[in-house]
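Report on the structure given below.
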Amino acid sequence: MTLKGSLFGGAAVAVVLCLGASETAEARTSRHRAPAGADQAALKAQVEALRAQVQALESRLDAQAQTQQQTQAQAQNAQSQAQAAQTTAQAAQTQAAAAQSQIQTIPTEVATAVKKATPKPGWEANTTVGATMFADFSHIDNSIDGVRNAQSGTDYDIKRFYIIIDHKFNDVFSANLTTDFQINNGLTSIKVNPANPGGPFLVSSQNNTQLIIKKAWLQAKLSDAFIIRAGASDLPWVPFIEKLYGYRYVENTFIDRTKFGTSTDWGLHVFGTFADNIISYQVSVVDGSGFKSPAVGTANRTETVDVEGRLSATYKHFTAGVGGYDGRLGKDVVGTPVYHAAQRLDAVLAYTDDRIRIGGEYFWAKHWSDVLQPVDSKTNTSDGYSIFGSYNFTKQIAVFGRYDWVKPQKDTAPSFVDHYFNVGVSYSPIKPLDLALVYKREAVDDGLFSSSNGVVGGLVHGTYDEIGLFSQVKF
């Protein structure tokens, strides 16, 4: 029942009650004989008053109903607007997602378009060309039994000039060609005079320029632990020590300087690292002649091969390594009797960081200089050690030094000894350039010794002194 119906019902009840009450009153008054006209007028007035009240209530109810209808209409309109706004928001979200998807595809489309527009790179894109030069301006005094020889004097020398070409075919295969351009100004040759073996020696000097293939290899990198190279490549020991020593441009490393080994040779080389680069190894099977005397055609072909190997470990700046060599040094050719195999054992212990380098190297060799000597001849063994160190005051300035001691022929000439040392100060003004002010001294007792500095010694004693500015340029 609505509110309006309830009000009408209440008004009707009120009218009936009033009529009943009037009749009862009329009956009572009739007994008292009240005037009939007066009573009817009063009742009529009451009915009119009630009718006015009902009409007022109806007006109020109509107004409330109209207001309620307007409110309901407004609510419905607001709900419709909210639904429309939600639909619009959903449509905008869908458009934004579509735009985001298009934005994500733009880089791929651009890259594809650039790739199509860019010409395919040639072989030169995976090829690098560089060079390394060792040079010095120095003064030398080389004396044999107190007499200066033709090597003495002041000159500018280019000791080495490497042109290095690297090419990468893919992630597995690569190749390298490194040429060694060596200029020997006033190369000294010292020989015993057959007419007077007791001296003096025959000394000659000549200019000699060489262009040599130092490296020429094809590499297959199957993993970090297994890399194969075929051709002329680094041997296991000398290049390994060069990295520890750090001053190759000042002097060859111990084994290389004393010519009990060399840096590269022709053959097959297998190497790698494992255990998080802590352990490294290399095994090389080579012809034994060194990179300066490769087998060409039928010349210098050996009937046997030489083997050199190394096993090393580096942990927290400490490096320890052992190595060895066994072979006939490329002399086992047809028609030449070879009686011995040259053998060498190597060991090194070093510490290197950004400021300090310190290390020691030892070697022992047998038959290194007498592989062609008859079996009944006296066997020669050799041994020696080297100690090196450097300290960087800054990234650019350092001091360094080294001492070598060698007995080349312990069995046949036990008093034949070579002593060598160098000291210097280095300065690196820019990354590709290293400069060093160096003093070198080599002294040999009771014999002639051929080292990287030439022939030093004499029947009794010989000395080699050099002071100068040494440099290394890499680019």
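The values are calculated or read from the model by the stated rules, or taken from the named source; none is laboratory data. Everything numeric here is computed off the predicted structure, so don't read it as measured data. Please note: Cβ atoms are built from the backbone with ideal geometry, for glycine as well, and neighbour counts cover all protein chains shown. Ligands, DNA and RNA are stripped out before the accessible areas are found, and what is left, the full protein with its side chains, is counted by its heavy atoms. Shrake-Rupley method; radii C 1.70, N 1.55, O 1.52, S 1.80 Å.
Between Rg and the Kirkwood Rh of the range 390-475, both from Cα atoms, what is the Rg to Rh ratio?
Rg/Rh: 1.12.
Sort Ile213, Ile279 by heavy-atom solvent-accessible area, probe 1.4 angstrom, most to least.
Ile213, Ile279
For the range 392-449, which trypsin sites (Lys or Arg not before Pro) are both in a DSSP coil and crowded by at most 11 other Cβ atoms within 10 Å?
Lys395
Are there chymotrypsin sites (Phe, Trp or Tyr not before Pro) in the range 267-372 that DSSP puts in a loop and that have at most 16 other Cβ atoms within 10 Å, and which ones?
When the chymotrypsin sites (Phe, Trp or Tyr not before Pro) of the range 267-372 are filtered for loop state and at most 16 Cβ neighbours within 10 Å, Tyr339 remain.
List the chymotrypsin sites (Phe, Trp or Tyr not before Pro) within the range 375-439 that fall in a DSSP loop (any state other than H, G, I, E or B) and whose Cβ has at most 15 other Cβ atoms within 10 Å.
Phe393
Keeping every protein chain present and rolling a 1.4 Å probe, give me the accessible area per residue for the range 301-455 in Å².
On a per-residue basis, 50 Å².
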